[in-house]
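Let me begin by presenting the structure, written as structure tokens, before commenting on it.
The values are calculated or read from the model by the stated rules, or taken from the named source; none is laboratory data. Everything quoted here is computed from the prediction, not taken from an experiment. Methodologically, a virtual Cβ is constructed for each residue, glycine included, from the backbone with ideal geometry; neighbour enumeration extends over all protein chains shown.
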Amino acid sequence: MDHLDALEAQSVYILREAFNKFDRMGMLWSLGKDSNVMVWLARKAFLGHVPFPLMFCDTGKKFPEMYAFQKKYAAEWGVNLIVKDCPPIEEIDPTLPPATRSAARKTEALKRLIAERDIQAVIAGIRRDEEATRAKERVFSPRGENAEWDFRDQPPEFWDQFKTDFAPGTHIRIHPILHWTELDIWRYIQRENIPIVDLYFSNNGKRYRSLGDQDITFPIQSEASTIEEIIAELEATTIAERSGRAMDHEAEDAFERLRTAGYM
Amino acid sequence: MTLSSESPALKLVVVGHVDHGKSTLIGRLLHDTDSLPDGKAEAVIKMSERRGMPVEWAFVLDALQAERDQGITIDTTQIFFNTDKRNYVIIDAPGHKEFLKNMVSGAALSDAALLVIDAKDGMQEQSRRHGYILHLLGVRQVAVVINKMDLVEYREERYQELTGEIRKYLSGLGLEAAAIVPISAREGQGMVARPDRMPWYEGPHLVEVLDGFNPPVLPTDRPLRLPVQDVYKFDERRIIAGRIESGRIHTGDRILISPSNKTVTVKSIESWNVKDPALGASAGQSVGITLSEQLFIERGQVISHESNPPIETNVFRARIFWLGKKPLEVGKRYKLKLATNEQTVEVQSIETVIDVENLTSSAGDKLERNGIGEVTLRARAMLALDEFAENPKTGRFVLVDEYDTVGGGIIFMEGYPDQRARGDVRSTNITAVEHRVTPDLRARANGHEGGILWLTGLSGAGKSTLAIEAEQQLFAKGYQVYVLDGDNIRFGLSSDLGFAPEDRAENIRRVGEVAKLFASAGVLVLTAFISPYRADRDRARSIAPDLFHEVYVAADVATCEGRDPKGLYKKARAGEIKDFTGVSAPYEEPVTPELTVDTSDKTVNESVAELLAYVEENFSLTRNGGGR
């Protein structure tokens, strides 16, 4: 069993625990590399099937390449896709810094989707190595009635015994790839030949390392135009993965505020 | 400098008392090994300046506002870093007592641990508690750093003094520190090079110690344990899903399902997006298998091979750590989660509460938050499990109270037998013969019905005395009566058995079978065996449920020890007899016996009279003024 096998086995175990415990559950499919890996892992866990809907909160501002990708693979993989439009920016907390406020539209759409469909659990593809507040996450992470995250009082989680008993009204986020790193993701994409949006590859000396909305996501300088080159680039870099995501950098605690309020 | 991610990172937890400098150590380690992203070191320096303090490397980790303000780590954080040798994930666990649940969450994930101790403060309560919990969690690779050596002028005497104390404590837990390194994280001493301020220190520096730890080894060579996680029927295949916790499995293997005790053959190992179907799988893999027959299988059962199956029991002992806001108490019920199994368990007893300060244990009837103790738990249903020492993955569990995980524990079976059914009929081609002499005919000939009076109680409670006396008096009244006791069973039928829990259980099973034969022959059988385990007596009852009458011969340990007719208690107290009931092995009182005879404040004659009255009432054909 190699490193990728071990990561895969753990993710499969988590997804199977989640599926056993929740009837009304959905997986966030943001179309980024991590969420594509996550969908792939679900098909591994359930032997080719994805036995819950994939959910997409549409800001209307994704790259055209992303929408095309979604159309193609939703059909090819035969998944049950639910698209939810995000509310306009005017409905979002105006005290947030601009890019943070823009990102918060997704949180609001997700909250509404959860309410409409009475969803108990949402599977999200965050990773501990991405960002400091995500490093503190649990695999099964309870949220309050308004989706808020209380990082000060998280349940104990050890020996793969996740929190599966809840007071009524509790909502759960499940993080099956929390233990993966960015490099792990790329190596797995390479091994499994998982499709990804072309924007990750270099075009005119630039590529996207992390994908979000067009107006708040910026490309990095890069000549990497194949997965091999991306892996080589990442092995040498000391720049953070989310450096191209504006909302992480507007204030010392911007991302923390987003996550406390229910952002992924 | 970055390494390839092809090999898994070693997971290292950093524990210790609050304010002993764990976060500073990690921040400094990241900086000194060139593992910080661009600009992070500058940001930390700027952040420190803004707060008007010297460079605080702990800020590297403290991404959350709340933490910076309080200056303590609330939750575990995971930090990726590397040395020339390999990648690491550091888990920074909070040292504050309030956050023990977070420390446990972090430490349970780790392959090795680093215990940080303040050179000035020395070992503090949480240093000790964390050490103990590492031991309970099964983390066996531990190194210690004595931090803030700058505060004690880098003195060797202080290092030597603390080293002696630390080694002594850890050896009391059965742990040995890989090294005890004197460092100053703030001043960068002893982290990635020999500490030039401590020329007297000749041991390895911190990074050398970390690089000396071994990566985890998957238990592929242990007996197979595959706890069933779920059963899927997405298409025409019926797939049993689960993760192999230990051992290997192959198609064509004959497997045993516990605790239902059914056997079946593995037909296939299923997977998706692989070139060739797998013929085998091993520890660590999440698999889906199909079986040769459609057996009823559900989540929580454990798949093993027929040889080396897990222990089956409904009662076990455990060393636990308690995280609940409400204390653990005798008689309380919790949800047990063991691998994928979930069952209700009751706390039968708390044997000891452990004081982490000096590792002494005392008796207690509750275990408070953050406490550690030894308990006996009883489930309603049979469980398949292992001792932690034999198989950690299936020998540990958590307890849930209402919605929350309130504790974790590791299992040991000392004093309790494996209850895996020995009574299974292994012979085949047995045809039942129909008797023409019915129980009724026998009863009429004897003037009483046959039956079993199962006397249970501590050694010295008076079982044999009572049985022999009753036998004599009943015989005088015309009863067909016979006593089965240690003397006539142990020297013959059970001469191959000793006194280990398994042997005692088997002995009781045999007595149950023999008693049934006597009772079926119309005889009134009195059995006089300690029979300390509820499960064994229940099994004896199940052999002949209509004939079985449980008689609890009650007397407390002190009374029995005072009598000590055979001098056994004295020997047991002196350690000359192992597994002696009431002293070094448990006695489980009957819950609903048909009769209780309390001998502690009665003469023999008074006790016998009670037993005889019960017999007349229940077995004589002339009871209630007439036959039938």
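All conditions in (1) within 14 Å of chain A (Cβ to nearest Cβ); (2) assigned to a loop (DSSP other than H, G, I, E, B); (3) among the aliphatic types (A, V, I, L, M) hold for residue B:287, with the sole exception of (2).
With the condition kept exactly as written, say whether any residue in the stretch A:106-119 is assigned to a loop (DSSP other than H, G, I, E, B), among the hydroxyl-bearing types (Ser, Thr, Tyr), more than 12 Å from every other protein chain (Cβ to nearest Cβ) and more than 18 Å from residue A:19 (Cβ to Cβ). Break it down stepwise before answering.
Here is the first cut: in the stretch A:106-119, the ones assigned to a loop (DSSP other than H, G, I, E, B) are A:118-119.
Adding the requirement that they be among the hydroxyl-bearing types (Ser, Thr, Tyr) leaves none.
No - not one qualifying residue is present in the stretch A:106-119.
Checked against (1) surrounded by fewer than 20 Cβ atoms within 10 Å (Cβ to Cβ); (2) charged (D, E, K, R); (3) more than 8 Å from chain B (Cβ to nearest Cβ), residue A:33 passes all but a single condition, namely (1).
So for the stretch B:301-319 (the condition being within 11 Å of chain A (Cβ to nearest Cβ) and not in a strand (DSSP E or B)), does at least one residue qualify? Scanning the stretch B:301-319 turns up no residue that is within 11 Å of chain A (Cβ to nearest Cβ) and not in a strand (DSSP E or B). Residues in the stretch B:221-240 that are more than 23 Å from residue B:312 (Cβ to Cβ) and touching a residue at least 40 places away in the same chain (Cβ under 8 Å): B:232, B:237, B:238, B:239.
Residue-by-condition table, conditions (1) out of contact with any Pro (no Cβ under 8 Å at 6 or more places or on another chain); (2) of a type in the set (Gly, Ala, Ser); (3) more than 20 Å from residue B:30 (Cα to Cα); (4) crowded, with 20+ Cβ neighbours inside 10 Å:
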site: B:141; (1), (2), (3), (4): yes, no, yes, yes
site: B:149; (1), (2), (3), (4): no, no, no, yes
site: B:218; (1), (2), (3), (4): yes, no, yes, no
site: B:222; (1), (2), (3), (4): yes, no, yes, no
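Against the condition buried (at least 16 other Cβ atoms within 10 Å of the Cβ), part of a loop (DSSP other than H, G, I, E, B) and either charged (D, E, K, R) or modelled with pLDDT of 95 or more (or both), how does residue B:201 come out, does it pass? Spelling it out, residue B:201 is indeed buried (at least 16 other Cβ atoms within 10 Å of the Cβ), part of a loop (DSSP other than H, G, I, E, B) and either charged (D, E, K, R) or modelled with pLDDT of 95 or more (or both).
Residue-by-condition table, conditions (1) closer than 19 Å to residue B:465 by Cα; (2) touching a residue at least 60 places away in the same chain (Cβ under 8 Å); (3) assigned by TED's automatic domain parsing to the domain that holds residue B:464; (4) in a strand (DSSP E or B):
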| residue | (1), (2), (3), (4) |
| --- | --- |
| B:499 | no, yes, yes, no |
| B:516 | no, yes, yes, no |
| B:540 | no, yes, yes, no |
| B:546 | no, no, yes, no |
| B:552 | yes, yes, yes, yes |
| B:558 | yes, no, yes, no |
| B:565 | yes, yes, yes, no |
| B:571 | no, no, yes, no |
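Give me the residue from the stretch B:232-255 that is over 24 Å from the mean Cα position of the chain (by Cα) and part of a strand (DSSP E or B) and, out of that set, farthest from the other protein chains (Cβ to nearest Cβ). Break it down stepwise before answering.
First pass over the stretch B:232-255, keeping only residues over 24 Å from the mean Cα position of the chain (by Cα): B:232-241, B:249-255.
Filter once more, so that each one left must be part of a strand (DSSP E or B): B:232, B:239-241, B:249-250, B:254-255.
On the way: B:232: 7, B:239: 6, B:240: 11, B:241: 6, B:249: 14, B:250: 16, B:254: 24, B:255: 20 Å.
Checked the stretch B:232-255; the qualifying residue farthest from the other protein chains (Cβ to nearest Cβ) is B:254.
Among the candidates A:140, A:151, the residue that is within 9 Å of chain B (Cβ to nearest Cβ), surrounded by 18 or more Cβ atoms within 10 Å (Cβ to Cβ) and among the aromatic types (Phe, Trp, Tyr) is uniquely A:151.
Taken over the stretch A:32-77, the criterion of being within 29 Å of residue B:290 (Cα to Cα) and among the aromatic types (Phe, Trp, Tyr) is satisfied by A:40, A:46, A:52, A:77.
Here's a check for you: in the stretch A:147-192, which residue that is over 21 Å from residue A:31 (Cβ atoms) and of a type in the set (Lys, Arg) is farthest from the chain's Cα centre (by Cα)? Spell out the reasoning first.
At the first step, the residues of the stretch A:147-192 found to be over 21 Å from residue A:31 (Cβ atoms) are A:147-172, A:179.
This time we only want the ones that are of a type in the set (Lys, Arg), so: A:152, A:163.
Details: A:152: 22, A:163: 20 Å.
Among residues in the stretch A:147-192 that are over 21 Å from residue A:31 (Cβ atoms) and of a type in the set (Lys, Arg), the one farthest from the chain's Cα centre (by Cα) is A:152.
Scanning the stretch B:495-529 for residues that are under 14 Å from residue B:480 (Cβ atoms) and among the β-branched types (Val, Ile, Thr) yields B:523, B:525.
The rows are residues; the columns are (1) buried (at least 24 other Cβ atoms within 10 Å of the Cβ); (2) under 15 Å from residue B:15 (Cβ atoms); (3) among the aliphatic types (A, V, I, L, M).
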position	(1), (2), (3)
B:104	yes, yes, yes
B:129	no, yes, no
B:132	no, yes, no
B:135	no, yes, no
B:161	no, no, no
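Screening the stretch A:154-164 for residues that are under 13 Å from residue B:403 (Cβ atoms) and in contact with a helix residue (DSSP H, G or I) (Cβ under 9 Å, 6 or more places away or on another chain) and picking the one that is nearest to the other protein chains (Cβ to nearest Cβ) gives A:156.
Looking only at residues of the stretch B:351-394 that are farther than 28 Å from residue B:125 by Cα, within 10 Å of the chain's Cα centre (by Cα) and in a loop (DSSP other than H, G, I, E, B), we find that the one that is nearest to the other protein chains (Cβ to nearest Cβ) is B:386. Does residue B:327 satisfy the criteria of being under 17 Å from the mean Cα position of the chain (by Cα) and more than 13 Å from chain A (Cβ to nearest Cβ)? For residue B:327, the condition - under 17 Å from the mean Cα position of the chain (by Cα) and more than 13 Å from chain A (Cβ to nearest Cβ) - is not met. Would it be correct to say that residue B:335 is on the phi < 0 side of the Ramachandran plot and in a strand (DSSP E or B)? Spelling it out, residue B:335 is indeed on the phi < 0 side of the Ramachandran plot and in a strand (DSSP E or B).
Yes or no, residue by residue, for (1) buried (at least 18 other Cβ atoms within 10 Å of the Cβ); (2) at pLDDT 90 or above; (3) among the acidic types (Asp, Glu):
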site	(1), (2), (3)
B:472	no, yes, no
B:487	no, no, yes
B:501	yes, no, no
B:517	no, yes, no
B:522	yes, yes, no
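Residue B:209 meets the conditions (1) farther than 30 Å from residue B:31 by Cα; (2) in contact (Cβ under 8 Å) with a residue 24 or more places away in the chain; (3) more than 14 Å from every other protein chain (Cβ to nearest Cβ) in every case but one. The failed one is (1).
When you check residue B:192 against the structure, is it outside the structural domain of residue B:86 (by TED's automatic domain parsing) and touching a residue at least 24 places away in the same chain (Cβ under 8 Å), yes or no? It is false that residue B:192 is outside the structural domain of residue B:86 (by TED's automatic domain parsing) and touching a residue at least 24 places away in the same chain (Cβ under 8 Å). Scanning the stretch B:533-543 for residues that are touching a strand residue (DSSP E or B) at 6+ places or on another chain (Cβ under 8 Å) and surrounded by 21 or more Cβ atoms within 10 Å (Cβ to Cβ) turns up B:533, B:537, B:540.
If the condition is being crowded, with 21+ Cβ neighbours inside 10 Å and within 8 Å of chain B (Cβ to nearest Cβ), then the stretch A:11-30 contributes A:12, A:13, A:16, A:17, A:19. Residues of the stretch A:221-264 that are within 13 Å of another protein chain (Cβ to nearest Cβ), farther than 16 Å from residue A:97 by Cβ and at pLDDT below 75: A:238, A:239, A:240, A:241, A:243. Restricted to the stretch B:18-134, the set of helices (runs of 4 or more DSSP H) holding at least 1 residues that are closer than 25 Å to residue B:162 by Cα and either in the same structural domain as residue B:158 (by TED's automatic domain parsing) or at pLDDT below 85 (or both) comprises B:22-32, B:100-107. Tell me, yes or no, whether the stretch A:85-94 has at least one residue that is touching a residue at least 12 places away in the same chain (Cβ under 8 Å), part of a helix (DSSP H, G or I) and buried (at least 16 other Cβ atoms within 10 Å of the Cβ). No, that holds for no residue.
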